[in-house]
Amino acid sequence: MSLDKQAAAFTRIVQAQAGLTGQRRTAAAPQPTTTTAITAPQTTLKRKKTVDRSKPTPAPIVYSQPTDTSLMGQHILTQVHHAVKFLKSRESPQTMQQIASYLSINMTPSLLEILKRNERITYDASANTFEFKPIHNIRSSQALLAFLQQQTTAQGLSVKELGDGWSGAADTIADLEERSEILVTRTKKDNQPRMVWINDRTLDVQVEEEFRNIWHKVVIPPPGELPGELERAGLKPTSVDPATVKKDVKATQKGRKRAVNRRVKISNTHMNGILKDSKDLKSSGWKK
């Protein structure tokens, strides 16, 4: 065999081998499609959520901003309550603009008229100002002492009423008490002042030393023996309840005798001198 024939035979063999390899590749290529067809039912498709564009989208809330504290939408009586509370805390006349600024509202004619007629507010027409009216117009130690000196009774003054509209009442009372200018009663629970009186220095009496010694020489029995000592002295202790004292009712009933008042009406006065008294006959046993 010549060299040319051998080269031609080798070329045919190579071509034949290349054809078989191409068939194998084309046969193996459809395998991924079959795998996709098998695994396709296992995947779940999510439906897209439909959004109604007709409704307006609410604006997002910005939490870092402060909330609206105005009283514009509140009832008018609520606005009056906050206005009175504001004037009470200031303890001085306030203008209409200052009240409106505190309430964060526009002052309306109706609200202005209610504030002018409020019984807890004093309105100054000349200055156009409003001021809280306390129960007692006292805001200083001098005014407190003057008020207590004008009292005609020993009733005293309530600290609760005094503190209405006066934030410094407690401190002033403590200072005057320390200087012995007023007398103060306090609560047992928290030792807070409850009532105050003027300390009248004219009632201070100087007692001689001799009488003081006599007074201190009087021996007082212990508290447990005091009721018995009082009973032996013929005195009734205040600790004894009067309802527990038994009274001898029978003795009082026997001691009292009811007076019998018999009145006889004489109707036959026209027979005087004719009828005879039969009292003697009855006593002697006279029979009819």
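The values are calculated or read from the model by the stated rules, or taken from the named source; none is laboratory data. As the structure is a computational prediction, the values presented were derived from the model and not from experiment. Cβ coordinates were reconstructed from backbone atoms using ideal geometry, including for glycine residues, and neighbour counts include every protein chain displayed. When the accessible area is computed, the model is the full protein with side chains, heavy atoms only, and any ligands, DNA or RNA have been set aside. Shrake-Rupley method; radii C 1.70, N 1.55, O 1.52, S 1.80 Å.
Do we have any residue at all in segment 196-219 that's under 30 Å from Leu148 (Cα atoms) and within 29 Å of the chain's Cα centre (by Cα)?
Yes: segment 196-219 contains one or more residues that are under 30 Å from Leu148 (Cα atoms) and within 29 Å of the chain's Cα centre (by Cα).
Among the residues of segment 75-110, those identified as open to solvent by less than 30 Å² (accessible area, probe 1.4 Å) and touching a helix residue (DSSP H, G or I) at 6+ places or on another chain (Cβ under 8 Å) are Gln79, Val80, Ala83, Phe86, Leu87, Gln94, Ile99, Leu103, Ile105. Given (1) open to solvent by 30 Å² or more (accessible area, probe 1.4 Å); (2) on the phi > 0 side of the Ramachandran plot; (3) out of contact with any helix residue (DSSP H, G or I) (no Cβ under 8 Å at 6 or more places or on another chain), where does Val205 come up short, assuming only one miss? Among (1) open to solvent by 30 Å² or more (accessible area, probe 1.4 Å); (2) on the phi > 0 side of the Ramachandran plot; (3) out of contact with any helix residue (DSSP H, G or I) (no Cβ under 8 Å at 6 or more places or on another chain), the lone unmet condition for Val205 is (2). For Glu131, are the conditions met, namely being under 30 Å from Thr95 (Cβ atoms) and either of a type in the set (Val, Ile, Thr) or modelled with pLDDT of 90 or more (or both)? In short, yes.
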